[in-house]
Amino acid sequence: MLLLPPGPARALHKLGRLQRPQPAPQAPKESPRVNQVGIQYLSESLHRKVFPSTSTTEYLQPQHPELLSVAIEHLKHNDLYGKKTTITNPIEFAHVPALLGSSLDEHFHKIGTAVLQPYLAMAEKLFAPSSLVPPQPLQWVFQAGWTRYVPGKPPKLVEFPLESELVFDVEVMYQRSNYAVMATCASTEAWYGWVSPLLTNHAQDASYDNWEHLIPFDSLATPKLMVGYNVSYDRSRILEEYNIKQSQAFFLDGMALHVAVAGICSQQRPMWNKHKKNKSALEEEVEAASDSDFDRPSAASLLASELIDDPWLNKGSPNSLANVYKFHWGQDLDKSDRDFFSGLDPAQVVENFQKLMSYCAKDVEATFLVTKKLFPEFREKVPHPVSFGALRHMGSLILPTSTKWDSYIKTAEQVYQENREQVAQILRERAQELVRYIEHPDSKKPDQENDPWLRQLDWTLKLPRLKKDGTPVANNAYLTGYPEWYRDLFKTTTVDGVRKREMNISVRTRITPLLLRLKWEGYPLLWTNSAGWCFKVPLKDDIIDLMESKNYTRARLNEDDLKKYLPELRDEGNNYELFKIPHPDGPAKRTTSILSKGYLKFFEDGTLTSEYNYAQEILTLNNAASYWMGNRNRISTQFVVYSDANNDFGLKNNKEMGIILPKLCTMGTITRRATENTWLTASNAKKNRIGSELKSLIEAPKGYVFVGADVDSEELWIASLVGDSLFGMHGSTALGWMTLEGDKSEKTDLHSKTAEIMGISRGDAKVFNYGRIYGAGVKFATRLLKQCNSSLSDQEAEEIAMKLYAKTKGQSSKSTLLSGRLYHGGSESVMFNALEAIAHQENPRTPILGASITAALTSENLNKNEYLTSRINWAIQSSGVDYLHLLVVSMAYLIERYQIDARLAITVHDELRFLVKEEDKYKAALLLQISNLWTRAMFCEQLGIKELPQNCAFFSEVDVDHVLRKEVSLDCVTPSQPVPIAPGESLNILQLLERYGNESLSVDQVFRDYDNIPYQPREPVMNSLDSTLSTQARLAKIALQTSVDQREWRKNLGEYIKLVKGETEDDKSLVYTKNTQKARTNNSFKGTKKVSHDLSSTLTKNTRKDYKERKPLLVSTSSNRKRPRIMEEFDISSDGTEELKHHVKTTASATSRVKSSPDSPEGSTCKLTVKVGDFENVTAGVILVFVLVFLAFVAVTGVFVQKKLKAKKSNQRF
């Protein structure tokens, strides 16, 4: 360990550490607290604040010393134990407020509950079982603004809806404007309709064209629950949301609730669509008798087969309102009238006003019914108040900008068009050069027959149509006399009503590589339909061997291509071989676009060349345009509202300010991650990418700044902590140690280790590491490695990938005493076993806040397809969402407590930014550090380690900036933004503490009665793993996972068997004793008379439950396949596995019989078949019966339908 003396701190890597030398801190008041593997913990004073019930010295006496020994050996095996760790002076942080309770769980329960109010009570009122919305109005009033409709009363004009709980929907003519033209909303008391002044004025004067009208709801000061479907879209049309102050509205998204409760993952969607198609086919079979074909398998049987293989098909659906309404209520939702809003003429909407208001109201009714059903299910599946409370703030994001936004769009588009024109001009000139001989006979004619590129073009000339006298007709085809390849470049366009033909050529045009005379490895390119772009080389052994040594794949042409290109490959006695241009996704894919940015590196290293210098220039220009090309539509259609005389956004002297409300779904994936298609995927500014300065256009208004941070290696830390938690100590697994203390300068961090194994850069290694942790396998690593090093063969890449997985994930072994496979011997084996154990639970929950997985991915609804990768990915990413929610709720509590002017602006997974009054910027930065401290500590507490490493307790840096960007030092210069942006400020925890010293944060007030918020301690989720094992058995299982080879595995397995077998024998003895005693009690005699007594029939319900819970731990002897399996899997040799040998011998028969008690009736035998087997057979039998009954039902239904259809046909004949 390295103890840093007082003085400048050494610059450390980003994972929760300082990133630059710091001013000399004060002399330490206490010694560093360092655990047994070199990980420094919080100072004593901070420890007491976040873990008040745990002693500061408890970590020195581990509860299970044997685990410490296992951990040390594991770290030694991975060459980490004894490596240098960085020890700094303990951080004293006097500003951290006391917890609200005796634990972090109680603390977060109370602040989460407080954040929920009054909105939770409002939701419970709106979605009470007896609540309903009134019937729709029969007639809607065509007047501007809000009209209130109460049953039995005349419609009344109001300023805004009067109730606090509302379900609403807006409609937009999106081809004309982003502003709404109509809206409806409903409470349990009344309906409301809003009509834009645009419509009423346009009905009177067709020239009226002012669309800019926002919808008032009076939510700036009055708490309101606003329920919608994909509600962020509707929120962006509400007047009160365009204000620097956060409104009092809670936008509850019915779509987000559905995704969290019954959403499906991307891998399930294709199968769901297929199932939906088969359901539609079944409906058509019943409806259309004349089209039925009874000789083929019916749709009913297909549906039955699908549901047996994949029961989840009836447990989830995609996210559209129509799909979700059908799924939850079994009724179709007619969406055909929405086509009226895709038009350009408001008169169409005015003419169909009644129909369209009713259409909008039907969506409100559907949203109410769906959300009413989902809300209690969501609260049950995601029960922690923090998980619900965070949604209020995440649903109220704001992105301030300025009138620079319009200039940005204009400039980026102009630079982009200039770029495209430059590329097109080069290509046009090259194409025109090849046909110049037609108009200028004195020009040189290209060698069409011998040139390897030009002879691939269609040089057939378009001949003129002639009159009988041999003169051309008046209207000959366009470009008559020119070759077909050239004519195909011209397209007809209409500009201002005038049709004209223009050459349309770009880097995506198929013939462009031929015009540029591109070569691969010095050989001409050749296009084939079946193999994509290839290159042909002479059929000579040395050349073929060279190409194969570089792992190029020979092209396999289909029959048509073979006939077409045979003359090309057998040319005048010269034979050639075709090799495929490598595709980034592997040799099975065709390369169809060789001028994309992925091939720029091949131009740079000389693999891809051209006879023209401008070929690489074209590729560079195309690379520069790629960002704007892919994002221009999403960016240019952003809805920006600018301040004006009617709405100054609550600010003075900000006339140029604009606001964008991001269309974010607070839980858009099954992991509950937020989704949004522009801002959550926006890249950082790059000097060679047009328009990539997008994020920097988000500017804090005058007097405000952005304060935010990125959570350092959030999901990697969570995964490593899950593994460490089994040992009860930070850094006890290789992954945990590398995450906390790995140093890239020492090559002890995870990314450096992976880079060394795979022979790639550290940057590329990050992709491998995160992909693996999210559940990706060897196939993924092999494909990715080929992209990093195209010279590797498939076999070499696979071997390297397997080596990586052997060193990280470890070996996979099975035993009949384990519930499934177990990884062992790798640096990440313990973590992966824990994640798979979570994923395989009956109802998987996140370890921290206890959020359950969506119904479509629970084990009871999976059969043929397990979707294990998605479930492991869920365990990590959903835990990352828990982390974000804890941060958001912590900040909400602290902002209120310390009365600072701040609100959440945006979150991007592990990154969050707050919009803060400039005078409060450092205070907000300090509160953000406190929030991170609490959140990290909460994770540790719930995972059973009441300690927190100092080097990850705080954000490595908190950014204070006036624009939105990844790092405060980025100047955001791009081809479309040449002016550097001034840097912001970045502060670590020491710098922040130096600014404040011992000074109070001031205005420390508690505005709520937290003491009266009830709290019930909950059992940590991780305690449910291996809950049926004794402590000693659990310790043995952990040691088993660190086994580095099969010899050590067998030895540790023997120890594990000894412990598990001892427990189960005790349990069986207890059960037998209880039941034989019961038999004696039930018989009034003693002696030799015996009564048949089957133990299985007298097991109590509780005992049966115990047996079922222990099922994964026992060897089932009800089937004779189990015993040989042990013999096959493990080599029972003289390596000390005596207990394993004994176990095999003692399970030599499928059924054990216990001699009857002397007190039992004569002749009785007590059959002690291991009950797990009995229960397995019973369960299998029940399932089989269920399947047979179901199939019988389908068959009967089919017969009934056929009879009905035959009867229908018979009636039609008569």
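The values are calculated or read from the model by the stated rules, or taken from the named source; none is laboratory data. Note that this is a predicted model, so its numbers are computed, not measured. Cβ sites come from the backbone with ideal geometry, for glycine too, and all protein chains shown count toward neighbours.
Descriptive notes on the structure:
- Filtering segment 952-970 to residues that are buried (at least 24 other Cβ atoms within 10 Å of the Cβ) and over 27 Å from the mean Cα position of the chain (by Cα) leaves only D961.
- The lone exception for H909 - which of (1) crowded, with 24+ Cβ neighbours inside 10 Å; (2) within 23 Å of R772 (Cβ to Cβ) it fails: (1)
- In segment 104-151, residue surrounded by the fewest Cβ atoms within 10 Å (Cβ to Cβ) [restricted to those that are closer than 15 Å to F388 by Cβ and hydroxyl-bearing (S, T, Y)]: T113
- Boolean, I618 is closer than 30 Å to E429 by Cα, among the β-branched types (V, I, T) and surrounded by 21 or more Cβ atoms within 10 Å (Cβ to Cβ): yes
- Inside segment 850-871, residues that are in a loop (DSSP other than H, G, I, E, B), farther than 21 Å from V324 by Cα and not small (G, A, S) make up a count of 5.
Yes/no per residue for (1) surrounded by 23 or more Cβ atoms within 10 Å (Cβ to Cβ); (2) of a type in the set (S, T, Y):
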| residue | (1), (2) |
| --- | --- |
| K814 | no, no |
| H824 | yes, no |
| V830 | yes, no |
| N833 | yes, no |
| A839 | no, no |
| I848 | yes, no |
| Y867 | no, yes |
| I872 | no, no |
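- Residue that is surrounded by the most Cβ atoms within 10 Å (Cβ to Cβ), among those in segment 650-679 that are assigned to a loop (DSSP other than H, G, I, E, B) and in contact with a Pro (Cβ under 8 Å, 6 or more places away or on another chain): W679
- Segment 817-848, residues that are of a type in the set (S, T, Y) and within 29 Å of E380 (Cβ to Cβ): S819, T846
- Complete set of residues in segment 1012-1049 that are of a type outside the set (A, V, I, L, M, F, W, C) and closer than 19 Å to K809 by Cα: K1037, Q1041, T1042, S1043, D1045, Q1046, R1047, E1048
- Number of the condition not met by R672 [criteria: (1) under 30 Å from Y642 (Cβ atoms); (2) modelled with pLDDT of 95 or more]: (1)
- If you go through segment 537-584 and keep only what is polar (S, T, N, Q) and out of contact with any Phe, Trp or Tyr (no Cβ under 7 Å at 6 or more places or on another chain), you end up with S549, N551, N558, N574, N575.
- Hits in segment 1014-1044 - residues which are modelled with pLDDT under 90 and closer than 16 Å to G820 by Cβ: L1025, D1026, T1028, L1029
- Residues that are more than 27 Å from the chain's Cα centre (by Cα), more than 30 Å from A180 (Cα to Cα) and not aromatic (F, W, Y) are absent from segment 639-660.
- Residue in segment 721-740 that is surrounded by fewer than 23 Cβ atoms within 10 Å (Cβ to Cβ), of a type outside the set (A, V, I, L, M) and in contact with a Ser or Thr (Cβ under 7 Å, 6 or more places away or on another chain) present: no
- Qualifying positions in segment 306-328 - in a helix (DSSP H, G or I), charged (D, E, K, R) and out of contact with any Ser or Thr (no Cβ under 9 Å at 6 or more places or on another chain): E306, D309
- Residue identified as among the charged types (D, E, K, R) and within 15 Å of Q1041 (Cα to Cα) among E828, E756, E799, E746: E828
- Taken over segment 43-70, the residue count meeting the criterion of being in contact (Cβ under 8 Å) with a residue 40 or more places away in the chain and either within 24 Å of Y1010 (Cα to Cα) or assigned to a helix (DSSP H, G or I) (or both) is 16.
- Residue in segment 773-796 that is under 20 Å from L75 (Cβ atoms) and either part of a helix (DSSP H, G or I) or in contact with a His (Cβ under 9 Å, 6 or more places away or on another chain) (or both) present: yes
- Test: residue in segment 896-908 that is outside any strand (DSSP E or B) and within 21 Å of the chain's Cα centre (by Cα): no
- Selection of first residues in segment 526-555 that are farther than 16 Å from I594 by Cα and of second residues that are surrounded by 21 or more Cβ atoms within 10 Å (Cβ to Cβ) and among the small types (G, A, S), restricted to Cβ pairs under 6 Å at least 6 apart or on distinct chains, gives the following pairs, ordered by first then second residue: A555/A531.
- Considering residues of segment 71-123 that are touching a helix residue (DSSP H, G or I) at 6+ places or on another chain (Cβ under 8 Å), of a type in the set (A, V, I, L, M) and outside any loop (DSSP other than H, G, I, E, B) only, the residue farthest from K753 (Cα to Cα): A123
- Residue-level check: of (1) surrounded by fewer than 12 Cβ atoms within 10 Å (Cβ to Cβ); (2) in contact with a strand residue (DSSP E or B) (Cβ under 8 Å, 6 or more places away or on another chain); (3) outside any strand (DSSP E or B), K500 misses just (3).
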